[in-house]
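Beneath this line is the structure, given in structure tokens, with notes to follow.
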Amino acid sequence: MFPCSSLKAWFTMLCTQPYIGCRVGSNSHVCLSPKRGVIKVYNEDNTSRAVEVPTDITARDICQLFVMKNHCIDDHSWTLFEHLSHLGIERTIEDHESVMEVLSGWGMDTESRLYFRKNYAKYEFFNKPLDFFPDDMVSLSSETNGIMDHSQLIQTFLNSSTCPEIHGHLHAKEQGRKSWKKFYFVLRRSGLYFSNKGTSKEPRHLQFIAEFSDGDVYTLLSAKKIHGAPTDYGFCVKSTKRGSPRDLKLLCADDEQTRTCWVTAMRLFKYGLQLYQNFIQPHQKQKASPMRSISENSLVAMDFSGHKSRVIENPSEALSVAVEEGLSWRRKSCHRLSSHGSPSTSQSPMSNIALHMAQPWFHSKLSRDEAHRLITQQGLIDGVFLLRDSQSNPKTFVLSLCHTQRIKHFQILPVDDEGDLFYSLDDGHTRFTDLIQLVEFYQLNRGVLPCKLKHHCARITL
């Protein structure tokens, strides 16, 4: 892992030096030397950027590089994805993985890409294991005849001497056929099995399917359309040594929670304690480096309201003044701008864009299906949200929000009160002068929503 200062110096050098090398693959990388290479990384809008990197660079290093380049907030949710469009599959590249090793497994003529985007669900199972592992799917192995204590669930996965077990029904695509068949599956440290006799776990009835030392788990993209699956909640196990469609172990769950449980358990079985180290490493760095920059430490709160300026030494008073200043600016801004950015009579022509248009959570002309796809890509955990224009009513907006791994859409209606325009989610009972106020309120209060707004979906241009 590279220190932050080294990454900045390295990126500056990359921007001033030309790339020299030989093409290896159309979307993969260019080999410059035994110790360096060039990789191309894509965003959701398919913009891309090629960067020269050391051959031992990890996925986390790549994410930190693009976070700095795009001046993003590093909330540890930025993730590198491996996207294999010729197979219709995708997976999260774990933070510690060598990116060049991932690229080395790609074929010369395959349409494979690296994508850089947020994934709020990447490590959420460490915070809320109950949301990822339903009671009826998790137990101790049949050898111990015990029931899993969820308070110790993650520790049991991380401890190699214990034997947690995931079990339940899945659809599996039969080898060499287009049909899918439902079986009872069991996931243990030793691998994935299915029972050829109902729900029996007896060794003579369990048939081995796959293990994870030389394979990775992927989600299926458009499982029903591409693979003929009975639902769109598909996933598969792909060997790192074999990449043809015939070698994929294609599986399909009946709902998102079931798929998430299986995929998360497979990641934990494969990487174990390494995943936990990936999760806590950024937080350890923050604790180890609590000091702010010199310029930040030199900032003080000042009061200029009287005849003489004074330093505000009381932290509570400083916070109160800061909040009041923000509200005062908001009120002035609301008078200058109408709901969709139409300038008032006293407004200059330059101020013709509404305040919410510049917010990272606002996605303007996004359709319902596109909003669903974007939230799914960035993590189906409680509180992931975005705001967009309504497609059916051009005068309204829509809040798209994830709760219990389901995406719900709430219409934001304009409310006219004696010539003043407000916005409301609850038929005018709670009113806001603009969408920024509305978002800030529901980030602190659940109100009529099933949960608070927590993580906004963001798009950047590389």
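The values are calculated or read from the model by the stated rules, or taken from the named source; none is laboratory data. A quick note: this is a predicted structure, and the numbers were derived from the prediction, not measured. Positions of Cβ are backbone-derived with ideal geometry, glycine not excepted, and every protein chain shown enters the neighbour counts. The area values use the complete protein model at the heavy-atom level, side chains included, leaving out ligands, DNA and RNA. Shrake-Rupley method; radii C 1.70, N 1.55, O 1.52, S 1.80 Å.
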Based on this model, can you work out whether Leu251 counts as in contact with a Cys (Cβ under 7 Å, 6 or more places away or on another chain) and assigned to a strand (DSSP E or B)?
yes
In this structure, is Thr231 open to solvent by less than 40 Å² (accessible area, probe 1.4 Å), of a type in the set (S, T, N, Q) and within 24 Å of the chain's Cα centre (by Cα)?
yes
For the stretch 175-189, state whether one or more residues are among the small types (Gly, Ala, Ser) and touching a residue at least 60 places away in the same chain (Cβ under 8 Å).
yes
For the stretch 38-59, check the following and say yes or no: at least one residue is acidic (Asp, Glu), closer than 20 Å to Ser104 by Cα, in a helix (DSSP H, G or I) and at pLDDT 90 or above.
no
I'd like to know if the stretch 187-207 contains one or more residues that are touching a strand residue (DSSP E or B) at 6+ places or on another chain (Cβ under 8 Å), modelled with pLDDT under 90 and open to solvent by 20 Å² or more (accessible area, probe 1.4 Å).
no
Counting only strands (runs of 3 or more DSSP E) entirely within the stretch 393-462, those with at least 2 residues that are modelled with pLDDT of 95 or more and surrounded by 13 or more Cβ atoms within 10 Å (Cβ to Cβ) are 397-403, 406-417
I'd like to know if the stretch 45-56 contains one or more residues that are in contact (Cβ under 8 Å) with a residue 24 or more places away in the chain, within 23 Å of Tyr123 (Cα to Cα) and out of contact with any strand residue (DSSP E or B) (no Cβ under 6 Å at 6 or more places or on another chain).
no
Give the stretch 262-301 a look and list any residue that's farther than 27 Å from Gly168 by Cα, surrounded by 11 or more Cβ atoms within 10 Å (Cβ to Cβ) and modelled with pLDDT of 70 or more, or say none.
Gln277, Asn278, Phe279, Ile280, Gln281, Pro282
Filter the stretch 222-237 down to the residues that are at pLDDT 95 or above and of a type in the set (S, T, N, Q) and list them by number.
Thr231
